[in-house]
Amino acid sequence: MNIDRRHPIRRFTRTVAVLAAASAVMAVAACGSDDTSSAQRDVIDTLRIGVIGSSNVIAGPVGFAHSRGELLEAFAPLGVSKVEVFSFPNGPDLNQALVGGRLDVANYGDTPALVARGSGLQTRLVAVQQFNNDAGVVAKDPSIKTLSDLAGKNIGVPKGSYIDRYLQGALAEEGISANLIHLYPADQEAPLNSGEIDAAALPGVIPSVALQTFEGKGFHLVDSVYRDRPNLAGTSVTVSSEEFLTKNPEFAPIWQKLHASAVDYAKDHWDEYLQFELGNSKAPEAAVRAAANPDGYSEEPFPADAVELLTGTKAFLVEQGSIKSDFDLESWFQRSPIDKNP
């Protein structure tokens, strides 16, 4: 569908795109506070971590561990004395900073990470941060009850994300097409209320609990991973560049050990962990609690359920042409000597 240039949504999405681009440029520029490329430093000193969101905070059990000082303690033997966190609006923006050497490690969704690797960017998967991530589609119009009711209509979605992969997979399963308009979750409520978009595809996992937040505001659920399409669940991953990991061979084993202990602690202190996430979130408490899923975390760096989801996501992205060159998933995993068995 070609939208007329005078149409309000055209102006709205153009404004959002400009603001998003400016945000990404600012984030990349901020990463340049140390101009030395990630793989060129003899000592890491400042560990630079990229995340998705609007605040420079590490979410998840590793972020909880960092709040207790454990991340700095774990990496002190590698010369780390400071941790800087940089937020990006979406995975493709974060990829640019990672491969440019302005970040040492990135926490983000599986889809942009897989696309980057399939585009020839030399990255490695250090650990699965979270899996079985929920996503869903909400609408305001009560006549829109199922995904099929959105055939040919406008759906807002953050392009290049795991939410985008879920939506495209769901539409394909229903045998329908729709007009997908690139909008970040924070920018979808106004056009949804005005009718400029007919539905919004949103993440439903900590820390991005937009799906639960929109439901709390009265928008109704049309389709979701947990209710309708568990095979399209997303995965959050921790990725670094091959150059950085080659330069610092002890980094991945230390991160994986920290990840395991962080998940174990978070599960044993679940209420305390949720208070940590609530303190970092601007979302309503009910939305954060509704999205909380301890089964989405594993002490293992590459749990079998997550690998199965990643395999399906990669196959879909190859079929859709989003991954330009297929690759062996196992070769992407940065397995430590103690974790050589798939």
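See the values below:
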{"quantity": "Unit charges on C-beta of K, R, D, E only; dipole of the chain, Debye", "calculated": "1020"}
{"quantity": "Computed Kirkwood radius, in angstrom, where 1/r is averaged over Cα pairs of the chain", "calculated": "20.4"}
{"quantity": "Residue 119 accessible area, 1.4 Å probe, all protein chains in place, Å² to nearest 10", "calculated": "70"}
{"quantity": "Sparsely packed trypsin sites (Lys or Arg not before Pro) within region 63-116, loop by DSSP, other Cβ within 10 Å at most 16", "calculated": "68"}
{"quantity": "Protein-only accessible surface order, largest first, of 282, 314 at 1.4 Å", "calculated": "282, 314"}
{"quantity": "Positive-end residue, region 111-222 charge dipole about Cα centroid, Cβ charges, pick of 202, 138, 176", "calculated": "202"}
{"quantity": "Pairs of lysines in the chain (C-alpha under 24 Å apart; 8 or more residues apart or interchain)", "calculated": "22"}
{"quantity": "Debye, to nearest 20: dipole size of region 259-315, +1 on Lys, Arg Cβ, -1 on Asp, Glu Cβ", "calculated": "320"}
{"quantity": "Accessible surface of residue 153 - all protein chains present, 1.4 Å probe, nearest 10 Å²", "calculated": "80"}
{"quantity": "Å² of accessible area per residue within region 46-136, as computed with a 1.4 Å probe and no ligands counted", "calculated": "28"}
{"quantity": "Charge dipole magnitude, Cβ of K and R +1, D and E -1 - region 232-334, Cα centre, debye nearest 20", "calculated": "360"}
{"quantity": "Mean ellipticity per residue at 222 nm, deg cm²/dmol - from DSSP H runs of n ≥ 4 across the chain, formula -39500 (n - 2.57)", "calculated": "-13000 deg cm²/dmol"}
{"quantity": "Accessible-area value, residue 58, 1.4 Å probe, nucleic acids and ligands omitted, Å²", "calculated": "10"}
{"quantity": "Total formal charge among the other residues, if their Cβ is under 14 angstrom from that of residue 292, Lys/Arg +1 and Asp/Glu -1", "calculated": "-4"}
{"quantity": "Centre separation in Å (Cα based) which lies between region 117-170 and region 201-271", "calculated": "14"}
{"quantity": "Summed residue charge, Cβ within 14 Å of residue 270's Cβ, Lys/Arg positive, Asp/Glu negative", "calculated": "-4"}
{"quantity": "Fraction of accessible area attributable to carbon and sulfur, region 79-235 (%, probe 1.4 Å)", "calculated": "48"}
{"quantity": "For residue 148, net neighbour charge (Lys/Arg +1, Asp/Glu -1) across residues whose Cβ lies under 10 Å away", "calculated": "-2"}
{"quantity": "Signed unit charges on C-beta, dipole axis of the chain, positive-most listed residue 321, 225, 274", "calculated": "321"}
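The values are calculated or read from the model by the stated rules, or taken from the named source; none is laboratory data. Source: prediction; values computed, not measured. Glycine also receives a Cβ, built like all others from the backbone with ideal geometry; neighbour counts cover every protein chain displayed. The area values use the complete protein model at the heavy-atom level, side chains included, leaving out ligands, DNA and RNA. Shrake-Rupley method; radii C 1.70, N 1.55, O 1.52, S 1.80 Å.
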